[in-house]
Ligand SMILES: *[C@@H]1O[C@H](CO)[C@@H](O)[C@H](O)[C@H]1NC(C)=O
Ligand SMILES: *[C@@H]1O[C@H](CO)[C@@H](O)[C@H](O)[C@H]1NC(C)=O
Ligand SMILES: *[C@@H]1O[C@H](CO)[C@@H](O)[C@H](O)[C@H]1NC(C)=O
Ligand SMILES: *[C@@H]1O[C@H](CO)[C@@H](O)[C@H](O)[C@H]1NC(C)=O
Ligand SMILES: [Zn+2]
């Protein structure tokens, strides 16, 4: 496993060691690389999700706390969530960089025909590890790299995944207040240096719950949004009180947006197909249909032209851009309601005024994204990104090697405070840019290595003499990072 790379003030010294080790035999220095004054300089990152916070909510009411975060940080106007735009799939995409088909949490309600098990966010089935183990969430990767993680109620964070939990976590309990969650997170970041977490995730159920109940168009949502801004203010203030605000990189985002529904826009499946022919697996607006043995074609032909406000896909016909096909947990037929429409079996049962889950290219399905901290640029607005790009960005900030993923650091590198030495060559569209970056790194690393060894020889001697750190800031560090990670395996 790669070690957590020491950054900040330690960077120059560590780089120097890494470059000089092969030349001069000072291997004892290597063992001290992790300890000492550098530990507290490890990069810190807090990822906060306000469930169902649509990207444009901040334009509805004054949001002074969001504004102050953005003025000193970055904002992305449009974030494309992963399909389907539901809570569990997207929270897992944020911490894995994978589309739902690749991380395996394909819906809030699932059936796995291989396991012959059902998953529902309303039952304890979510605690069965097997559902989560097609991927490795970032909190575990940080731990395997020698760092520490904390989690407050993030979906999946209280589940044992590949035999591990976050170092610090709270058992899911919706009644625990936001303020309590924040206080625990701040404690974990402020712990003595060996116990302090490097990465934490924080989840809050609003404004999703109110959005479902009231509908996003309700004027009452203004009050809810203003309340979220106050919650953010509380967090910022607690971080400031603990001296963490300028040190911790804070990313505030969400899993999806929200759209207005109406009781006039209901599609009743019972009108078209008998319940005896299928099992209803996932709910509106993207309904997973498991036809009874041998009835697939019959169910499909009954539904395919049934209602103009519902698109019906056989699994193999699901459009490629959704990246929602290659998993046994995706049902043989899925029904996608058009925006604002609700699919039910009949009109009995709970009806909501707001929902999400629809086509991830719809603006209403897109969440907010703001970030602030030493890693980020200031007062910078970016037009768009994909939710899966967050994972390589977070790995970069934390200096851990990302696992294979569907995101691209290249797409979001402009959010970062430090530019690379020179611009990266544009990757061909078919090649994942992460791969590109790593394949270029050794070349640049070697080049920089030669230049820096010569340039720093004097500095090195001075270091050894004065036994103090030389706080060099250089724009070249980013490029040599992958090399350094190799060298610093611990
Ligand atoms: C799947 O599990 C159910 C009980 O949950 C059981 O009745 C059924 O026989 C199982 N099917 C198979 C194919 O094992
Ligand atoms: C959930 O949290 C509330 C508020 O802190 C507490 O009263 C309750 O006992 C907790 N429930 C469980 C199951 O821990
Ligand atoms: C609708 O479905 C429920 C079962 O889900 C059933 O109890 C009810 O009678 C149905 N209503 C109508 C009007 O068919
Ligand atoms: C997403 O990433 C995973 C892991 O590298 C890979 O297996 C999968 O093919 C990728 N999906 C797409 C659409 O590229
Ligand atoms: Zn959600």
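Matching residues to (1) without any contact (Cβ under 8 Å) to a residue 40 or more places away in the chain; (2) away from ligand 3 (no atom under 16 Å from the Cβ):
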| position | (1), (2) |
| --- | --- |
| 273 | yes, no |
| 287 | no, no |
| 293 | yes, yes |
| 348 | yes, no |
Looking at the stretch 165-181, I want the residues that are within 18 Å of residue 209 (Cβ to Cβ) and have a partner that is assigned to a loop (DSSP other than H, G, I, E, B) with Cβ atoms under 7 Å, at least 6 apart or on another chain. Which pairs are those? 172/153; 172/158; 174/205; 181/153
Looking at the stretch 120-130, which of the residues that are more than 16 Å from ligand 5 (Cβ to nearest atom) and not in a helix (DSSP H, G or I) is surrounded by the most Cβ atoms within 10 Å (Cβ to Cβ)? 128
Among the strands (runs of 3 or more DSSP E) lying completely within the stretch 249-326, list those that include at least 2 residues that are closer than 30 Å to residue 386 by Cβ. 278-282, 286-291, 310-314
Identify the single condition in (1) under 26 Å from residue 389 (Cβ atoms); (2) in contact with a helix residue (DSSP H, G or I) (Cβ under 8 Å, 6 or more places away or on another chain); (3) surrounded by 16 or more Cβ atoms within 10 Å (Cβ to Cβ) that residue 221 does not satisfy, given that it satisfies every other one. (1)
Checking residue 153 against (1) touching a residue at least 60 places away in the same chain (Cβ under 8 Å); (2) surrounded by fewer than 24 Cβ atoms within 10 Å (Cβ to Cβ), which test does it fail? (1)
What tally of residues in the stretch 68-116 results from selecting those that are within 18 Å of residue 412 (Cα to Cα) and assigned to a helix (DSSP H, G or I)? 5
Which one of these does residue 334 not meet: (1) in a loop (DSSP other than H, G, I, E, B); (2) more than 16 Å from ligand 5 (Cβ to nearest atom)? (1)
Is the stretch 124-133 home to any residue that is in contact with a helix residue (DSSP H, G or I) (Cβ under 6 Å, 6 or more places away or on another chain), over 19 Å from residue 248 (Cα atoms) and more than 16 Å from ligand 2 (Cβ to nearest atom)? no
Within the stretch 131-144, how many residues are under 13 Å from residue 197 (Cβ atoms) and assigned to a loop (DSSP other than H, G, I, E, B)? 0
Checking the conditions here, which among 116, 108 is farther than 13 Å from residue 327 by Cα, within 14 Å of ligand 5 (Cβ to nearest atom) and modelled with pLDDT of 95 or more? 108
Might you let me know whether the stretch 379-390 holds any residue that is under 25 Å from residue 232 (Cβ atoms), within 16 Å of ligand 4 (Cβ to nearest atom), part of a strand (DSSP E or B) and within 17 Å of the chain's Cα centre (by Cα)? yes
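The values are calculated or read from the model by the stated rules, or taken from the named source; none is laboratory data. What you are looking at is a predicted structure, and each value in this text was computed from that prediction instead of being measured. Note: ideal-geometry Cβ built from the backbone for every residue, glycine included; neighbour counts use all protein chains shown.
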